[in-house]
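Below is one structure; the comments refer to it alone.
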Amino acid sequence: VQLQASGGGLVQTGGSLRVSCAASGRTGSGYVMGWFRQPPGKEREFVAAASRDGRTTFVADSKEGRFTISRDNAKNTVHLQMNNLNPEDTAVYYCAARGNWDSSLRSMYAYPYWGQGTLVTVSS
């Protein structure tokens, strides 16, 4: 599967942004989809994941309530809606895909497929 992230940009503190990931190749509901982010000079971290059918989602504790993941399997896309953004949310956001939903969901090493990333910058 090939992944293409888009939708990043510059937003002010308190604003909202939605980043999207389009999948091609072997697509549809065949993969668990995840979002990760890498702030400048820091490690890549887990943000959220959605099950194959999108009915089950998981958002990292620190982002719960502000970030929402959703997917549209008919369009082979997954979205990350981000609200009430602050400068600490500035990062390159990556979408990723894996086969199983299990306890390693938050590990970047458990995702074999990655998109190229899209930069989100939140100004103060």
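What the table shows:
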quantity: Matching strands (runs of 3 or more DSSP E) fully within the range 25-124 where at least 1 residues are of a type outside the set (Phe, Trp, Tyr), in contact with a strand residue (DSSP E or B) (Cβ under 7 Å, 6 or more places away or on another chain) and in contact (Cβ under 8 Å) with a residue 24 or more places away in the chain; calculated: 32-38, 45-50, 67-72, 77-82, 91-98, 118-123
quantity: Residue among 26, 37 that alone is modelled with pLDDT under 95 and under 21 Å from residue 100 (Cα atoms); calculated: 26
quantity: Sole exception among (1) open to solvent by 40 Å² or more (accessible area, probe 1.4 Å); (2) aliphatic (A, V, I, L, M); (3) within 16 Å of residue 119 (Cβ to Cβ) for residue 74, by number; calculated: (3)
quantity: Of the criteria (1) surrounded by 19 or more Cβ atoms within 10 Å (Cβ to Cβ); (2) under 17 Å from residue 4 (Cβ atoms), which one residue 82 fails; calculated: (2)
quantity: Residue 96, sole failed condition from (1) farther than 15 Å from residue 116 by Cβ; (2) in contact with a Phe, Trp or Tyr (Cβ under 6 Å, 6 or more places away or on another chain); calculated: (1)
quantity: From the options 119, 105, residue that is surrounded by fewer than 17 Cβ atoms within 10 Å (Cβ to Cβ), over 14 Å from residue 3 (Cβ atoms) and among the aliphatic types (A, V, I, L, M); calculated: 119
quantity: Residue 7 surrounded by fewer than 18 Cβ atoms within 10 Å (Cβ to Cβ), in contact with a Lys or Arg (Cβ under 7 Å, 6 or more places away or on another chain) and more than 18 Å from residue 120 (Cα to Cα); calculated: no
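Yes or no, residue by residue, for (1) charged (D, E, K, R); (2) open to solvent by 30 Å² or more (accessible area, probe 1.4 Å); (3) within 20 Å of residue 66 (Cβ to Cβ):
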| site | (1), (2), (3) |
| --- | --- |
| 2 | no, yes, no |
| 12 | no, yes, yes |
| 24 | no, yes, no |
| 34 | no, no, yes |
| 43 | yes, yes, no |
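The values are calculated or read from the model by the stated rules, or taken from the named source; none is laboratory data. In this text the structure is predicted, and so the values were computed from the model without any measurement. Backbone-built Cβ (ideal geometry, glycine too); neighbour counts: all protein chains shown. Remember, those area values only see protein heavy atoms, side chains included, never the ligands or the DNA or RNA. Shrake-Rupley method; radii C 1.70, N 1.55, O 1.52, S 1.80 Å.
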